[in-house]
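Below is one structure, written out as structure tokens, with a few remarks after it.
The values are calculated or read from the model by the stated rules, or taken from the named source; none is laboratory data. Note that the structure is a prediction, hence the values are computed from the model and not measured. For neighbour counting, all protein chains shown are included, and Cβ atoms are generated from backbone atoms with ideal geometry for every residue, glycine included.
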Amino acid sequence: MTTSAEKIFDWVDSDNDSCFSQLPNINERSASEEWKDSESIRGLKIWRIVNFCVEEWPQELYGQFYSGDTYIILHAEGEDENVKRDIHVWIGRNSSQDEYGSAAYKLVELDKYLGGAATQHREVQGMESKAFVAYFQCFMLLNGGAQSGFNHVDREKNTVTTRLYKLVIHGDNISGREIPLSRSKLGSSDIFLLSTDSVVFIWYGKDSNETDRYQALTYSQLVADFLKERKVLPLDEGAETSEFLLYLVDDDGPDGYDISFYVTTQTDSKAIFRLTDVSGKLEFVEEKADKITSVADLNSDDIYIIDTPFHCYVWIGSGASRSEKKNALIYAHRMLRKSSHPCAPVSIVLQGIENPGFEAAITI
């Protein structure tokens, strides 16, 4: 069971939007040392939020995210004027409101330092966008974090904590999500990975399909390669070894990685809201979704929120006022908080540099 010290997504229900209102006031010069040389980064760079500051995340741990932490991820490709940057904030299920606010501040701070043309994204544990997961060959969600004093794997000393993961496969994307070391968590339709100090077990439920099995085996080899000197041992349901079973307890254990309470059915529908102060006061109004089917239908002087059950986009018009920009994230956060999918990915898109995901969402 989750304890009071392990609140899950407590920022979702927060009415405290003050951190968002400060985002347009960020001075990139004040952060020049933290983000020094970030303009030259190509590929991936990851930082973790610790005590309201950023610290570099070791490259050998890229793809591993802890539920008690919040991270900033920069992805850049291309050269000179053609460089394309995406900045993500990843929020763990046990992250605090303060960490969420700090990460949002740091995300915008980094964007301003880089010139303000990056696409910004919010990723929530268990609801990551496909584009985000695709950055990593080996994507793993683990329990713990900086505040709980975890010690990450020491690859050179060859030590590792025994962990059980449920493998989640969507197309070409695969991720491992840590669950309790309990036999009752093994489901016949799924595939699980158990990492120990000498073996990486891959357990196939009797009803899992062959395609998923092949992907899971490839993924387990990546995990074994990362941990070093681990062999991979596939097991079918009903043919478990005694060594495998010794690592698991018989009871149900604490609550596992259950995201059903904040995941909604993904349907092809959208809602569109417009944030405008054309009347002299800020108004947030819902538009008729069937009347807006392309970027050409959007007013450059306003901000639009295109919300689908699987992704929310905040479109910033080139002529949007300072007040509209200052309140865009506040209204997006409030809108999602009241929806059936408060943890859906969020992307902030600037007019003129819309990405394929936004263009697909607006044409639904």
By residue number, the members of the stretch 212-240 that are closer than 16 Å to K166 by Cα, of a type in the set (D, E) and assigned to a helix (DSSP H, G or I) are D212
For V89, the lone unmet condition from (1) within 21 Å of A131 (Cα to Cα); (2) at pLDDT below 80; (3) among the β-branched types (V, I, T) is (2)
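Consider D190 carefully, then state whether it is closer than 13 Å to V168 by Cα, assigned by TED's automatic domain parsing to the domain that holds K166 and not small (G, A, S).
When the stated conditions are applied, D190 passes them.
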Check your understanding: Quick one: is I202 within 24 Å of the chain's Cα centre (by Cα) and crowded, with 21+ Cβ neighbours inside 10 Å?
Key -> no
